[in-house]
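Colleague: To start, I am sharing the structure in question, which I have written as structure tokens.
The values are calculated or read from the model by the stated rules, or taken from the named source; none is laboratory data. Because the structure is predicted, anything quoted here is derived from the model rather than measured. Here the Cβ positions follow ideal geometry from the backbone for every residue, glycine too, while neighbour counts run over all protein chains shown.
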Amino acid sequence: MVESVPPPGLGFLSGGGQMGARMRAHDWSASPLGSPETWPQCLRSALSLMLGSRFPMFVAWGPELGFLYNDAYVEILGRKHPASLGRRFQDVWSEIWEDLLPLVDVAMAGEATWAENLPLTMHRNGFAEQTYFTFSYSPVRDDAGAVGGMFCACTETTGKVLADEALRASEARASGVLEGMGEGFLLLDRDFRILQMNAEGFRLEDRPASEILGRSHWEVYPGSEHMPIGTMYLRAMRERIPLTLEHRYVWPDGHAAWLEVRAYPAPDGLALFYRDVTERREREEALREAEARLRGLADNLPGGMVYQIGMPRDGSSRRFLYVSRGFERMTGIPAEAVLADPRVAYELILPEYRESLGAAEQAAIRDLTPFDFEAPFRRPDGEVRWSRIISAPRVLADGSLAWDGIQLDDTGRKRVEERLRESEAKFQAIADSIDQMVWSTRPDGYHDYFNQRWHDFTGVPAGSTDGAGWNGMFHPDDRERAWSTWRHCLASGEAYRIEYRLRHRTGQYRWVLGRAQPVRDEAGRITRWFGTCTDIQDLVEAREVLARSREELERLVAERTADRDRMWRLSTDVMLVARYDATIEAVNPAWTTLLGWNERELIGRAFMDLVHPDDLAPTLAEVGKLQEGLTTLRFENRYRRKDGRYCWLSWTAVPAEALIHAVGRDITAEKEAAQTLAETEEALRQAQKMEAVGQLTGGIAHDFNNLLTGIVGSLDLMQTRIAQGRTDAIEKYAKAAMSSANRAAALTHRLLAFARRQPLDPKPVDANTLVTSLEDLLRRTIGEAISLEIVTAGGLWLTLCDPHQLESAILNLAINARDAMPDGGKLTIETCNTHLDRAYAKLHPGVAPGQYVCICVTDTGSGMPPDVIVRAFDPFFTTKPIGQGTGLGLSMIYGFARQSEGHAKIYSEVGRGTTVKVYLPRHRGELAADEDAVTGLTEAHRAEAGETVLVVEDEPVVRDLIVEVLNDLGYRALEAQDGLSGLRVLQSRERIDLLVTDVGLPGLNGRQLADQAREGRPDLKVLFITGYAENAMFGNGHLDPGMQMITKPFPVEALATRIRAMIEG
């Protein structure tokens, strides 16, 4: 036979006969050994030695002891070959693994073993057979010196052992030894006739020899031929092999026994050795049942587990020998996990408890004493629970330790203790928070608890009044009476109640009310007394006052009643007594004086009938608060006078059990004065704006003349060129006219926005863009004698404010700066990002720390002294001559900054100039899209089929322009020259998708037209056109849903975009 050449790196497998070839060809992917290319040199050397030997050998390698063997070992394997190659040692010889495991453990621990004629029951040929082997296990160390596997050289001695036993049987028969044996002996010939039985055998039989010897075994033992014992005899006789069996046999007389039977081939037939092992089997069965019961108890231990740990005497190398199923219920981890790795159990304990647990275990190991330890552990699901570990170490015969213990889930008890602590703390807090002195005693009356109020009252230290120690606290005149009453209650179980005097911490005696109640168990026995002492000194003194003569009391009552009645009659404030359902029970004469109603007209009437309709809801809410027990302070509402006018009243009211007692003061004059003042302030603010507008007039008029010159000149040239037929330059003149017109429109919008009364909605603002857009207007305003410098910061944040108010503020500051520099100077406007920290905010109340955009306006004018700076933001404060200023400019700027959640600050020095900084909060949003940034009419502006727009405009040029744009876009355009004609169209059955109307129509104005039209067309969409920034017809400036406004002049593209958006919306 020519051997195959091994692949490179597998030379150690060369030779070795059939097993060497099989190893080279074997698929090692499923083997725990892995590919031979990865095998260490020490394994390769052992294999090379094994494969070259003719003696039966095998090598088991790695953590799972992969099995490798040579040709000589194949015969030992029987039918297990060749499937055993590469498998786990345990799987190859599973039927004898329990016999081999102790020897394997010794070898893997680094010590060689030796076994001679070891009996093993193998299943190598498909059935159980008794074999005997002599072998040794030698540890094989890896390159690092650690045991990586084991080497075995073995020989089967089954034939030799059987021959020896047969020889011994023959010799025993010949020498009579069999008669003295402690086990039965039976010799069968090849026909299973009983040739011989020793004395022990006859003892077990309890039958005479004549009924046994010379007769067939199957006759002597009826039915045994078909029992397992008979099957074993037949096989041992047929195959001439030794066999062993434990068998329970019932004799014909009914008695039974467990017999251990060994059958050996003999020259005459079959030699049988048997002994009664009933007692051993019963002990083993009892032991198994006891173990099963113990395991059952351990596995079902409620709320805990049982375990056993094995370890050397020093406590190292611990491993769990047994863990009950309660471990999984308790921790959520299978018991198998901790049996495989004890660290699993220890790592459940919270880290901060592991050191103390280790110390307790070491002390128990050192002193061989039990220990009891509590520690929390964390389950895999994250829940933290408490365990109590109770364990005790014991020394085994080999000197090692076995640690038996139980571990209980102690979470319930811990939680009860925690709740108890919380309950005790809560009780203590409650007891200390109430006004009474709280005390408690044992059933025999021994005082052992006092709350803090007791010590506060008496001034004595804790513990000094326990038991009978508080005897000295009684007033001498009350001591015997108090103790006598207390002893009676202890004996009878009656509630304790008595008044006596106790010594106060001031040394004086004060009257107290002592009370106590017994606490009883289910059997009615008193388990404790709880009592209180209440300071009633004021009550006792009050009783003394009440003991005065009736005449004196009646006199006092009469005097106070007279005072109350006098106040009731003479008060100028209205007084009211009413039920909670608003029914008036009593009124004072001031109702007639102030409101005109007399008492007869009011009693029994509901006061809600007199309340102004707009004040009904808040008045009902206030009555509800009174009904809840809350006092009313300065609640204002309007009551109807008898003449129909309303009067403002400010109420103070207190609730009683079923009645309201109220006093109302007339504040009508104050309200009217406040309203007049507000209107005056508003008029002054508008006047200040108009003053600023007036100061702009000169520059604006100059700008308008320039812009009109550009518009008129361009239109004249367009007419001239059209008349001449020269149209090549028409577009240039049209663009020039449009540019001047747009600039004029922008100037008009800015002036109108500045002059408007009502605030506009805040929106994201780029201050750089806003300031730069004001440059031309500012230069016109300050004049040529003052230079203007605008410095904008790069990367400036956005802010959220009203852009028109910010423009107004900057313009006001520029005008103030101009007035401060009559001989000329420099005006600088800067922007920057800044941060106001907590220290700054603390110095400036109302300022929130954070990020701000700062607009800084600086002049080189006359400056302000400190006393002027302090008052500069006050309304109506001005240093200008009479008639040159309202004193509202800086006040409005400060108000604008505060309303925008910002801040304003003045820095000034006399003769050097002034800086005003306006801080506006940073806005993190984005700029709103510019609706007017259009690029021309597109297909997106075009109408859908049949869409109709009604245009109502009294100016023909504007009306014609809008109608023409609508026609160009495909809309069906209807037109009307005034509100009435437009209303007639709207009241017809015409389809109208959108109403476009001027606001300032003659007669029926645009808003009135829209309101009347919506009576018949509630979903009508309306676009208002106005030439003003504000119009009184819009009330507070809010439009109803479905209404929008566009300001003249406007680009046709902007108009088309707005119309399309409204119709589609």
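Colleague: Can you tell me which condition G507 does not meet? The list is (1) assigned by TED's automatic domain parsing to the domain that holds T532; (2) more than 20 Å from D538 (Cβ to Cβ); (3) of a type in the set (G, A, S), and all the others hold.
Modeller: (2)
Colleague: What number of residues within the range 587-643 satisfy the criterion of being within 18 Å of D666 (Cα to Cα), part of a loop (DSSP other than H, G, I, E, B) and either outside the structural domain of I660 (by TED's automatic domain parsing) or among the polar types (S, T, N, Q) (or both)?
Modeller: The number of residues fulfilling the criteria is 2.
Colleague: For the range 389-396, does any single residue satisfy the condition of being over 14 Å from I309 (Cβ atoms) and either surrounded by 12 or more Cβ atoms within 10 Å (Cβ to Cβ) or touching a helix residue (DSSP H, G or I) at 6+ places or on another chain (Cβ under 9 Å) (or both)?
Modeller: The answer is no, given that none of the residues of the range 389-396 is over 14 Å from I309 (Cβ atoms) and either surrounded by 12 or more Cβ atoms within 10 Å (Cβ to Cβ) or touching a helix residue (DSSP H, G or I) at 6+ places or on another chain (Cβ under 9 Å) (or both).
Colleague: For G382, state whether it is under 23 Å from S316 (Cα atoms), modelled with pLDDT of 75 or more and outside the structural domain of D456 (by TED's automatic domain parsing).
Modeller: Answer is no for this residue.
Colleague: Among the residues of the range 988-1006, which ones are outside any helix (DSSP H, G or I) and either among the small types (G, A, S) or closer than 12 Å to L950 by Cα (or both)?
Modeller: Matches in the range 988-1006: S988, E990, R991, I992, D993, L994, L995, V996, T997, D998, G1000, G1003.
Colleague: Can you say whether L204 is surrounded by 13 or more Cβ atoms within 10 Å (Cβ to Cβ) and more than 20 Å from R248 (Cβ to Cβ), as far as the supplied structure shows?
Modeller: For L204, the condition - surrounded by 13 or more Cβ atoms within 10 Å (Cβ to Cβ) and more than 20 Å from R248 (Cβ to Cβ) - is not met.
Colleague: Among the listed residues R79, R124, which satisfies the condition of being in a helix (DSSP H, G or I) and at pLDDT below 95?
Modeller: Answer to the check: R79.
Colleague: Check T676, T631, T668, T680 and return the single one that is within 18 Å of V577 (Cβ to Cβ), out of contact with any Asp or Glu (no Cβ under 9 Å at 6 or more places or on another chain) and at pLDDT below 90.
Modeller: T631
Residue-by-condition table, conditions (1) part of a strand (DSSP E or B); (2) among the aromatic types (F, W, Y); (3) on the phi < 0 side of the Ramachandran plot:
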residue	(1), (2), (3)
L187	yes, no, yes
L195	yes, no, yes
L204	no, no, yes
G214	no, no, no
E219	no, no, yes
T231	no, no, yes
R238	no, no, yes
L245	yes, no, yes
A257	yes, no, yes
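Colleague: Separate question: Quick check: is even one residue across the range 605-618 more than 22 Å from E657 (Cβ to Cβ), at pLDDT below 90, surrounded by 12 or more Cβ atoms within 10 Å (Cβ to Cβ) and not charged (D, E, K, R)?
Modeller: No, every residue in the range 605-618 fails to be more than 22 Å from E657 (Cβ to Cβ), at pLDDT below 90, surrounded by 12 or more Cβ atoms within 10 Å (Cβ to Cβ) and not charged (D, E, K, R).
Colleague: Suppose we keep only residues that are under 19 Å from V140 (Cβ atoms), in contact with a strand residue (DSSP E or B) (Cβ under 6 Å, 6 or more places away or on another chain) and not aromatic (F, W, Y) within the range 87-107. Which one would you say is surrounded by the fewest Cβ atoms within 10 Å (Cβ to Cβ)?
Modeller: V106
Colleague: What number of residues within the range 579-601 satisfy the criterion of being under 16 Å from R569 (Cα atoms), in contact with a strand residue (DSSP E or B) (Cβ under 8 Å, 6 or more places away or on another chain), surrounded by 14 or more Cβ atoms within 10 Å (Cβ to Cβ) and free of Cβ contacts under 8 Å to residues at least 24 places away in the same chain?
Modeller: The total comes to 5.
Colleague: Any residue in the range 781-796 that is in a helix (DSSP H, G or I), in contact with a strand residue (DSSP E or B) (Cβ under 8 Å, 6 or more places away or on another chain) and modelled with pLDDT of 80 or more? Explain how you work it out, then say what you get.
Modeller: Let us first name the residues in the range 781-796 that are in a helix (DSSP H, G or I), namely 781-782.
When the remaining residues are screened for being in contact with a strand residue (DSSP E or B) (Cβ under 8 Å, 6 or more places away or on another chain), the result is 782.
Adding the requirement that they be modelled with pLDDT of 80 or more leaves 782.
There is at least one residue in the range 781-796 that is in a helix (DSSP H, G or I), in contact with a strand residue (DSSP E or B) (Cβ under 8 Å, 6 or more places away or on another chain) and modelled with pLDDT of 80 or more.
Colleague: Kindly list, by first and then second residue, each pair from a residue in the range 897-909 that is in the same structural domain as D837 (by TED's automatic domain parsing) to a residue that is in a strand (DSSP E or B) and of a type in the set (S, T, Y), limited to pairs with Cβ atoms under 6 Å and residues at least 6 apart or on different chains.
Modeller: Going by the 6 Å Cβ cut-off, the qualifying pairs are G902/Y919; H903/Y919; Y907/T915; S908/T914.
Colleague: Further, regarding this structure: Identify the single condition in (1) part of a helix (DSSP H, G or I); (2) at pLDDT 80 or above that V438 does not satisfy, given that it satisfies every other one.
Modeller: (1)
Colleague: Shifting gears a bit: Please determine, by comparing only the residues of the range 353-370 that are of a type outside the set (V, I, T) and over 40 Å from the mean Cα position of the chain (by Cα), which one is surrounded by the most Cβ atoms within 10 Å (Cβ to Cβ).
Modeller: A364
Yes/no per residue for (1) touching a residue at least 60 places away in the same chain (Cβ under 8 Å); (2) of a type outside the set (K, R); (3) assigned to a strand (DSSP E or B):
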position: I365; (1), (2), (3): no, yes, no
position: D372; (1), (2), (3): no, yes, yes
position: P376; (1), (2), (3): no, yes, yes
position: G382; (1), (2), (3): no, yes, no
position: W386; (1), (2), (3): no, yes, yes
position: A392; (1), (2), (3): no, yes, yes
position: D398; (1), (2), (3): no, yes, no
position: W403; (1), (2), (3): yes, yes, yes
position: Q407; (1), (2), (3): yes, yes, yes
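Colleague: Condition first: at pLDDT 85 or above, exposed (fewer than 12 other Cβ atoms within 10 Å of the Cβ) and part of a helix (DSSP H, G or I). Now tell me which residues in the range 457-487 satisfy that.
Modeller: E480, S484, R487 - these are the residues of the range 457-487 that are at pLDDT 85 or above, exposed (fewer than 12 other Cβ atoms within 10 Å of the Cβ) and part of a helix (DSSP H, G or I).
Colleague: Among (1) touching a Leu at 6+ places or on another chain (Cβ under 7 Å); (2) surrounded by 17 or more Cβ atoms within 10 Å (Cβ to Cβ); (3) modelled with pLDDT of 75 or more, there is one condition R325 misses while meeting the rest; what is its number?
Modeller: (1)
Colleague: Follow-up. Does the range 60-70 contain any residue that is out of contact with any Ser or Thr (no Cβ under 7 Å at 6 or more places or on another chain), exposed (fewer than 14 other Cβ atoms within 10 Å of the Cβ) and not in a strand (DSSP E or B)?
Modeller: yes
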